[in-house]
1. Can you name the residue in region 13-30 that is closer than 30 Å to Arg69 by Cβ and surrounded by 10 or more Cβ atoms within 10 Å (Cβ to Cβ) and, of all such residues, is nearest to the chain's Cα centre (by Cα)?
2. Which of the numbered conditions does Thr33 fail, given that it passes all the others? Conditions: (1) assigned by TED's automatic domain parsing to the domain that holds Lys21; (2) surrounded by 10 or more Cβ atoms within 10 Å (Cβ to Cβ).
3. Could you look through region 36-67, keep only residues that are of a type in the set (Gly, Ala, Ser) and exposed (fewer than 10 other Cβ atoms within 10 Å of the Cβ), and pick out the one that is modelled with the lowest pLDDT?
Amino acid sequence: MAEMVGAGLGVALLPDVAARKIQSDAVCIILLTEPAIRWDIAAIWPRDRYLSHAARGWIAYMREWKKGRDANVESQSGKR
């Protein structure tokens, strides 16, 4: 992406972790901190394949965390 911007093909918005790794004099980088930008991500894993005990534990943890987060959002939306 940085190479395309450096070649004059436009501008880009990147996650800060990606932008911080760019080492090029051909582009200018400004870290945007305000307003806060929400970044949705997803977890993926192979279907019907072996998963280690640690991987299964991590998936279970994420599912429980999401359940609790979804319940919290629902309870807060009813407080209006």
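The values are calculated or read from the model by the stated rules, or taken from the named source; none is laboratory data. Please read these numbers as outputs of a predicted model, since none were measured by experiment. So basically every Cβ, Gly included, is an ideal-geometry build from the backbone, and we count neighbours across all protein chains shown.
1. Pro15
2. (2)
3. This residue is Ala36.
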